[in-house]
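J.: Handing you this structure, nothing more for now.
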């Protein structure tokens, strides 16, 4: 087994840890906090709440009445997963921020897709707010997806392209 295989294994391990952590935290919330109840952790800033999101990220399209919404979200998730797995497999022979970012996105996407397929909704529970300003509730999977996306954006914006240096 070569070095590339070990690195790929590491990236898929990251995705698996995110997936398991996401499922475990959602299960704990579903078991311990009744639906629509909340538990204040830091008054005026953070609470745990139990909500079900039938829409996309951060509740987008949650109120949409279309019957196809659930199927469309599942199909979109499957296409996105296929793209992420392809990119991760193609790029994971090297240990870098791209591979870690894609692994985070993969683990998070799998967590939310699992919820949609099994329960028909995604459980969200991390609830941040300041006064009347409120961020929509989210979960560990959403956090991993956003962290992975930010890593990818940072790499695009702040990493020099070595190909430009060699052709200049």
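J.: In this structure, is residue 27 modelled with pLDDT of 90 or more and closer than 18 Å to residue 118 by Cα?
T.: Numbers: modelled with pLDDT of 90 or more: yes; closer than 18 Å to residue 118 by Cα: yes.
Yes.
Here's the yes/no breakdown for (1) under 30 Å from residue 90 (Cα atoms); (2) part of a helix (DSSP H, G or I); (3) modelled with pLDDT of 90 or more:
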{"site": "7", "(1), (2), (3)": "yes, yes, no"}
{"site": "15", "(1), (2), (3)": "yes, yes, yes"}
{"site": "20", "(1), (2), (3)": "yes, yes, yes"}
{"site": "35", "(1), (2), (3)": "no, no, yes"}
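J.: Please list, ordered by first then second residue, the pairs with beta carbon atoms under 9 Å, 6 or more apart or interchain, first in segment 95-114 and at positive phi and at pLDDT 95 or above, second surrounded by 24 or more Cβ atoms within 10 Å (Cβ to Cβ) and part of a helix (DSSP H, G or I).
T.: none
J.: Also, I was wondering about something else. Return only the number of the condition from (1) surrounded by fewer than 16 Cβ atoms within 10 Å (Cβ to Cβ); (2) touching a strand residue (DSSP E or B) at 6+ places or on another chain (Cβ under 6 Å); (3) modelled with pLDDT under 95 that residue 53 does not satisfy.
T.: Residue 53 satisfies every listed condition except (1).
J.: Name the single residue, out of those in segment 125-134 being touching a residue at least 12 places away in the same chain (Cβ under 8 Å) and surrounded by 10 or more Cβ atoms within 10 Å (Cβ to Cβ), that is farthest from residue 51 (Cα to Cα). Step through it out loud before you land on a result.
T.: Taking segment 125-134 and keeping what is touching a residue at least 12 places away in the same chain (Cβ under 8 Å), we get 125-131.
After this cut, where a residue has to be surrounded by 10 or more Cβ atoms within 10 Å (Cβ to Cβ) as well, the list is 125-130.
Details: 125: 6, 126: 10, 127: 10, 128: 13, 129: 15, 130: 19 Å.
Per the stated criteria, the residue is 130.
J.: If the requirement is being modelled with pLDDT of 75 or more and surrounded by 12 or more Cβ atoms within 10 Å (Cβ to Cβ), which of these qualifies: 42, 74? Full working, then the answer.
T.: Details: 42 fails: surrounded by 12 or more Cβ atoms within 10 Å (Cβ to Cβ).
Checking each option against the conditions leaves just 74.
J.: From the list 137, 80, 149, 144, pick out the single residue that is at pLDDT 85 or above, surrounded by 13 or more Cβ atoms within 10 Å (Cβ to Cβ), within 21 Å of residue 47 (Cα to Cα) and out of contact with any strand residue (DSSP E or B) (no Cβ under 8 Å at 6 or more places or on another chain).
T.: Values: 137 fails: out of contact with any strand residue (DSSP E or B) (no Cβ under 8 Å at 6 or more places or on another chain); 80 fails: within 21 Å of residue 47 (Cα to Cα); 149 fails: within 21 Å of residue 47 (Cα to Cα).
Result of the check over 137, 80, 149, 144: 144.
J.: Right, another one. Against the conditions (1) modelled with pLDDT under 90; (2) part of a strand (DSSP E or B), where does residue 155 fall short? Just the number, please.
T.: (2)
J.: Scanning for something under 19 Å from residue 88 (Cα atoms), modelled with pLDDT of 95 or more and in contact with a helix residue (DSSP H, G or I) (Cβ under 8 Å, 6 or more places away or on another chain), does segment 120-127 turn up at least one residue? Walk me through how you get there before you give the answer.
T.: We begin by selecting, within segment 120-127, every residue under 19 Å from residue 88 (Cα atoms); these are none.
So far as segment 120-127 goes, no, none of its residues is under 19 Å from residue 88 (Cα atoms), modelled with pLDDT of 95 or more and in contact with a helix residue (DSSP H, G or I) (Cβ under 8 Å, 6 or more places away or on another chain).
The values are calculated or read from the model by the stated rules, or taken from the named source; none is laboratory data. Keep in mind the model is a prediction, meaning the values are calculated, not measured. Glycine also receives a Cβ, built like all others from the backbone with ideal geometry; neighbour counts cover every protein chain displayed.
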